[in-house]
Amino acid sequence: MREQGFEPLEPYRSALAKWRCCCLTCDREVSVKYAKVRNGSGCRYCKKPGFNYSAPSLVYVVIHMGAKAVKPGIANIGTRQDRIASHHREGWALFKTLPCATGEEAWLVERATLVRLWTLAGHKRGYLTAEEMPQYGWTETFDRDEIGEDLVWSIVQEEFARLRSADDNKDDAG
């Protein structure tokens, strides 16, 4: 782990178990699987390609009229890999966005939103298939007739408020 830039904070359990470590590059605590690190995965906060958990980001909701689908997602603000543009090229329209201070904040809001939506959808992941959504994200799609964009947006806002409230309570306690 040290050769890959991580300092373990607890004993090793198995290659597939999450392992609490400190990233030696950004000095953040992360949970990583040894198997993934061995295969080249790095710290989610300071790795270069892909989603940046430290950068200003947003939670978005897009809709596809033809497929009658709705999808929440996250994207970094102002990057060359514009996630919303990739959806737009495939016929999706932007419904609303919610700015977040960091990618981690956006990711937490998105995860909580998706858990609630998957529960509402009967734990079914993916209204669309991978073939119908070549730009990825198909497991986060929902039937607009069952779960409309207004409901998705209200859940995004509730989870954002809940996260902010929890952060405020942590600040008050510390």
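The values are calculated or read from the model by the stated rules, or taken from the named source; none is laboratory data. If you're wondering where the values come from, they're calculated on a predicted model, not measured in any experiment. No Cβ is skipped: glycine too gets one built from the backbone with ideal geometry, and neighbour counts run over all protein chains shown.
Listed here are the residues, each with its yes/no results for (1) within 18 Å of the chain's Cα centre (by Cα); (2) farther than 21 Å from residue 160 by Cα.
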site: 86; (1), (2): yes, yes
site: 91; (1), (2): no, yes
site: 111; (1), (2): yes, no
site: 140; (1), (2): yes, no
site: 146; (1), (2): no, yes
Top-ranked residue of the stretch 108-134 - restricted to ones that are among the acidic types (Asp, Glu) and not in a helix (DSSP H, G or I), ranked as farthest from residue 148 (Cα to Cα): 131
Being in contact with a Leu (Cβ under 8 Å, 6 or more places away or on another chain), among the aliphatic types (A, V, I, L, M) and either over 16 Å from residue 69 (Cα atoms) or not assigned by TED's automatic domain parsing to the domain that holds residue 82 (or both), is that true of even one residue in the stretch 113-122? no
Exactly one of 57, 31 is among the hydroxyl-bearing types (Ser, Thr, Tyr), within 24 Å of residue 114 (Cβ to Cβ) and in contact (Cβ under 8 Å) with a residue 24 or more places away in the chain, and that residue is 57
Keeping to the stretch 42-84, report how many residues are surrounded by 14 or more Cβ atoms within 10 Å (Cβ to Cβ), among the small types (Gly, Ala, Ser), out of contact with any Cys (no Cβ under 9 Å at 6 or more places or on another chain) and part of a loop (DSSP other than H, G, I, E, B). 2
